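Quick notes on the structure that follows.
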Amino acid sequence: MKSRIPGFYKLSAEERLKLVGEEAELSDEETERLGGTGLTVEQADRMIENVIGTIEVPLGVATNFLINGVDRLVPMATEEPSVVAASSNAARLARRLGGFTVEVSEPVMIGQIQVCNISDAGAAKKAVLEHKSEIIRVANEQDPVLVKFGGGAKDIEARVIDTLQGEMLIVHLLVDCRDAMGANAVNTMAEAAAPMIEELTGGRVFLRIISNLAVHRTARAEAIFSKDDIGPDAVEGVLNAYAFAASDPYRCATHNKGIMNGVSAVVLATGNDTRAIEAGAHTFAAYPEGYKPLTRYWKNDVGDLVGAIELPVAVGLIGGATAVHPVAKACVKILGVKTASELGGILAAVGLAQNFAALYALSTEGIQRGHMRLHARNIAVMAGAPTELVDKVAQQLADEKKVRLDRAREILEELRKD
């Protein structure tokens, strides 16, 4: 697969789809699904309750990504202009010095078991840890298929916390979920282990649920951006922007939101859980203390800019919408991933690319120039411009730097008179 496709954005949507279909070796049916038929109401009715229809979100493809030496075309589902273009441009700049290097941990999720009404929390914790192997055995009996493929419960952690309701013992069941996100497997195992934990501790178990703070299931990505490509001033500008986010929570919230613009778009395109990923990422940014940027930047010995990111990647290729949504399945095929860990690594690379692109724009020309140029097309459509006039209205809005609905209507009226 080639991901470096100069002029890709200049092609029509039909030409882009044809090219991506050829690169990813999509079937005619998969290409047709991506081209507009998408998810039927009948399919949707089997996914959630009280279905009345579906809602379409634009699906784009980010180009230029080179990840661990492999070219990747990256599907992104988002309604926000400039996200796909920004990721593609950042990936292009990263290619010169090797693209993105990623590392992904084992796919281990945490199942939490909350034990209340205990008279001696320390003794209860000791009892649980002394019977670790028996608890793991009970948990693994619930999913022999997962165990067969090398997954399953691997370890037990226990900690005592002070709460408004008094001391509680929180038992963590660490489960290797392999290529699944793991919520169903982890929750089932936690529920099965609960009676034994109650017996061991003399307490009462209430919650038995997966945690979306997946500290054991993370991905890290790193890339170098040449000072010759972006300029020494931009290197300093990005470093200053990063320092701002690292020291100010108001800026840091927006810094990390920008990262998730890219990450969540890929998560949605592949049918994974955007809420779980976003909750995990923002909590991870505050873990163990203080809200901080998910990315880091520094200068190397020759003055190039180095960027790095680490974030939780609780995504899967088995089960959920990923397994049943026809567009999600086609997007996974476009990515060319075979494991959930590969997908997690791509999320990290996209998050770093998105963040670099934002900081680069903010510290040079400003974020609005490129964003508003793309947003102008939305404004033109809102003003009622027909298809043949949308680009003309948008171009004039961008040239005037007045991307407003009232001005779009005025321009449209002028064009109609002409």
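The values are calculated or read from the model by the stated rules, or taken from the named source; none is laboratory data. Note that the structure is predicted; figures quoted are calculated from it, not measured. Neighbour counts are summed over all protein chains in view; Cβ atoms, including those assigned to glycine, are modelled from backbone coordinates with ideal geometry.
Would you call Glu410 outside the structural domain of Val313 (by TED's automatic domain parsing), of a type in the set (D, E, K, R) and either out of contact with any strand residue (DSSP E or B) (no Cβ under 9 Å at 6 or more places or on another chain) or part of a helix (DSSP H, G or I) (or both)? Considered against the rule, which asks whether it is outside the structural domain of Val313 (by TED's automatic domain parsing), of a type in the set (D, E, K, R) and either out of contact with any strand residue (DSSP E or B) (no Cβ under 9 Å at 6 or more places or on another chain) or part of a helix (DSSP H, G or I) (or both), Glu410 comes out as yes.
Considering region 242-252, the residues that are among the hydrophobic types (A, V, I, L, M, F, W, C) and more than 22 Å from the chain's Cα centre (by Cα) include one that is farthest from Leu305 (Cα to Cα), namely Phe244. Filtered by the rule that a residue be assigned to a loop (DSSP other than H, G, I, E, B) and under 19 Å from Pro249 (Cβ atoms), region 285-309 gives Ala286, Tyr287, Pro288, Glu289, Gly290, Tyr291, Lys292, Pro293, Leu294. I'd like to check something: does region 63-72 contain any residue that is charged (D, E, K, R) and farther than 21 Å from Thr295 by Cα? Looking through region 63-72, at least one residue is charged (D, E, K, R) and farther than 21 Å from Thr295 by Cα.
Selection over region 32-69 of residues that are among the hydrophobic types (A, V, I, L, M, F, W, C) and either in contact (Cβ under 8 Å) with a residue 40 or more places away in the chain or touching a Cys at 6+ places or on another chain (Cβ under 7 Å) (or both) gives a count of 10. Tallying residues that are over 26 Å from Leu66 (Cβ atoms), surrounded by fewer than 16 Cβ atoms within 10 Å (Cβ to Cβ) and either in contact with a Pro (Cβ under 6 Å, 6 or more places away or on another chain) or not acidic (Asp, Glu) (or both) within region 13-55 yields 16.
Conditions tested, residue by residue: (1) on the phi > 0 side of the Ramachandran plot; (2) in a strand (DSSP E or B); (3) more than 23 Å from the chain's Cα centre (by Cα).
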site: Lys18; (1), (2), (3): no, no, yes
site: Glu23; (1), (2), (3): no, no, yes
site: Thr31; (1), (2), (3): no, no, yes
site: Leu39; (1), (2), (3): no, no, no
site: Glu49; (1), (2), (3): no, no, yes
site: Ile55; (1), (2), (3): no, no, no
site: Leu66; (1), (2), (3): no, yes, no
site: Asp71; (1), (2), (3): no, yes, no
site: Val74; (1), (2), (3): no, yes, no
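Counting only residues that are farther than 15 Å from Lys417 by Cβ and of a type in the set (A, V, I, L, M, F, W, C), which one in region 384-398 is modelled with the lowest pLDDT? So, considering only residues that are farther than 15 Å from Lys417 by Cβ and of a type in the set (A, V, I, L, M, F, W, C), the one modelled with the lowest pLDDT is Ala398.
Residues in region 182-201 that are touching a helix residue (DSSP H, G or I) at 6+ places or on another chain (Cβ under 7 Å) and among the small types (Gly, Ala, Ser): Ala185, Ala192, Ala193. Among the residues of region 279-290, those that are under 13 Å from Lys257 (Cα atoms) and surrounded by fewer than 18 Cβ atoms within 10 Å (Cβ to Cβ) comprise Ala279, Thr283. Taken together, the residues in region 382-401 that are crowded, with 16+ Cβ neighbours inside 10 Å and without any contact (Cβ under 8 Å) to a residue 12 or more places away in the chain amount to 0.
Here are Ala376, Ala330: which of them is buried (at least 19 other Cβ atoms within 10 Å of the Cβ) and more than 26 Å from Arg178 (Cα to Cα)?
Numbers: Ala330 fails: more than 26 Å from Arg178 (Cα to Cα).
Exactly one of Ala376, Ala330 is buried (at least 19 other Cβ atoms within 10 Å of the Cβ) and more than 26 Å from Arg178 (Cα to Cα), namely Ala376.
Considering region 274-332, the residues that are among the hydroxyl-bearing types (Ser, Thr, Tyr) and in contact (Cβ under 8 Å) with a residue 40 or more places away in the chain include one that is nearest to Leu17 (Cα to Cα), namely Thr322.
Per this entry, Leu359 is counted among residues that are over 25 Å from Gly38 (Cβ atoms), in the same structural domain as Arg46 (by TED's automatic domain parsing) and not in a loop (DSSP other than H, G, I, E, B). The condition of being surrounded by 19 or more Cβ atoms within 10 Å (Cβ to Cβ), under 15 Å from Tyr9 (Cα atoms) and touching a Lys or Arg at 6+ places or on another chain (Cβ under 7 Å) holds for only one of Asn64, Asn89, that being Asn64.
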